[in-house]
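What follows is one structure encoded as structure tokens, with my remarks underneath.
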Amino acid sequence: MGFLKGILRFFIPGERTLIYTTFDQTQYFKIKSRLSAAGIPHRSKINGGMKALGQRAQYGGKASVQHDLYVRKEDEYRAAKVIH
């Protein structure tokens, strides 16, 4: 049953709460490592990745890539304590 449950969770993720947003990749990895160290399962969403990098190379400007971290609703309080 665990295998099927894992497949379902992969394709139909449970409700997630946005816990942290940053445009700084260093800050993103810092917060991500804190969540991992605390054993809090999380997911990431990166907006503007390859598209922004292509624009950066084309125009010589700085790319703005947004990094979002999501946690389960029941882990929201614990994650907030770990982050701050």
Revision key, fill the gap. Put in order of increasing Cβ neighbours within 10 Å, starting from the fewest, 21, 26 give 26, 21
Practice item. Could you work out how far apart the two model spin labels at residue 81 and residue 24 are, taking each label as a point 7 Å from the Cα in the direction of the beta carbon, and quote it in nm? Key: 2.5
Practice item. First measure r as the distance between the Cβ atoms of residue 47 and residue 4, then evaluate 1/(1 + (r/R0)^6) with R0 = 25 Å and state the FRET efficiency to the nearest 0.05. Key: 0.20
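Going by how many other beta carbons lie within 10 Å of each one, how would you line up 67, 84, 42, fewest first?
Values: 67 21, 84 7, 42 18.
Fewest to most other Cβ atoms nearby, the residues stand as 84, 42, 67.
Quick note: the coordinates plus some simple rules give every number you see, no bench work behind them. All values reported here derive from a predicted model rather than from experimental measurement. Every residue, glycine as well, gets a Cβ built from its backbone with ideal geometry; the counts of neighbours run over all protein chains shown.
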